[in-house]
1. If each residue of separation counts as 0.36 nm, what is the full-extension length gain between residue 24 and residue 145 once their alpha-carbon separation is subtracted?
2. Return one number: the angle in degrees, 0 to 90 and rounded to the nearest 10, between the long axis of the Cα atoms of helix 5-16 and the longest principal axis of the Cα atoms of the chain.
3. Does the range 57-152 come out rounded, prolate or oblate by the C-alpha gyration tensor, with a ≥ b ≥ c the root eigenvalues, rounded set by a/c under 1.5 and, if not, prolate when a/b is larger than b/c and oblate if not?
4. Averaged per residue, what accessible area in Å² does the chain show with a 1.4 Å probe, protein chains only?
5. If you line up the long axis of helix 33-45 against the longest principal axis of the chain, both from Cα atoms, how many degrees apart are they, to the nearest 10?
6. With just the Cα atoms defining each centre, how far is the range 87-160 from the range 10-29? Give it in Å.
7. From the list (1) 12.1; (2) 9.4; (3) 9.0, can you say which value of mean projected area of the Cα convex hull in nm² was derived from the structure given?
8. Summing -39500 (n - 2.57) over the DSSP H runs of n ≥ 4 in the chain and dividing by its residue number, what mean residue ellipticity at 222 nm do you reach, to the nearest 500 deg cm²/dmol?
Amino acid sequence: MAVDALDARILRLLLERPRTSAREYARLLGIARGTLQARLDRLERDGVITGTGPRLSPAALGHPVLAFVHIEVTQGHLDSVANELGDVPEIIEAFSITGSGDLMARVVARDPAHLEDVIQRLVQLPGVVRTRTEMVLRERVPYRMVPLVESVGRAAQRST
């Protein structure tokens, strides 16, 4: 799916002003509201926009400890283990990976003892061979998309 310069401008506004109305977005961009809505619908349909809900802070929800847990899985059990991870509320993301381990989970916890409890739960899952945990000390670059959107927009402008 090709994102053009106008799409990039729309995406940047969505990221920078998520609570703004479609009418205001159209005004700020100098385009018709129908044009904006058609673009938004296409971006959603093509999987560029994957959600519109708020980003929540696990720390503000009482889970300030963040760790990345590498999970090694018995061959042939990747799907079943991945499905089981969905039942662990402290796992906020999980990915199949290459390198050391088969899965990597982003895990939050109330404190280090709670993190240990979560890891012990993971180790007991059928198919899990071992885990390796890396605790986050400090976030250095927060989740962001604006720089990527700007880069895509610049590339789209150059190609036209």
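The values are calculated or read from the model by the stated rules, or taken from the named source; none is laboratory data. Everything numeric in this text was worked out from a predicted model, so none of it was measured. Note: ideal-geometry Cβ built from the backbone for every residue, glycine included; neighbour counts use all protein chains shown. Note: areas computed on protein heavy atoms with side chains; ligands, DNA, RNA excluded. Shrake-Rupley method; radii C 1.70, N 1.55, O 1.52, S 1.80 Å.
1. Values: separation 121, 0.36 × 121 = 43.56 nm, distance 2.13 nm.
So the chain would gain 41.4 nm between residue 24 and residue 145.
2. 60
3. Numbers: a/c = 2.15, a/b = 1.30, b/c = 1.65.
Cα axes put the range 57-152 in the oblate bin.
4. On the way: 10700 Å² over 160 residues.
Heavy-atom SASA per residue in the chain reads 67 Å².
5. Once rounded, the angle reads 30 degrees.
6. Centre-to-centre distance over Cα atoms comes out at 29 Å.
7. Checked against the structure: label (1).
8. Details: 6 runs with 67 residues, N = 160.
After summing the helix terms and dividing by the residues of the chain, the value is -12500 deg cm²/dmol.
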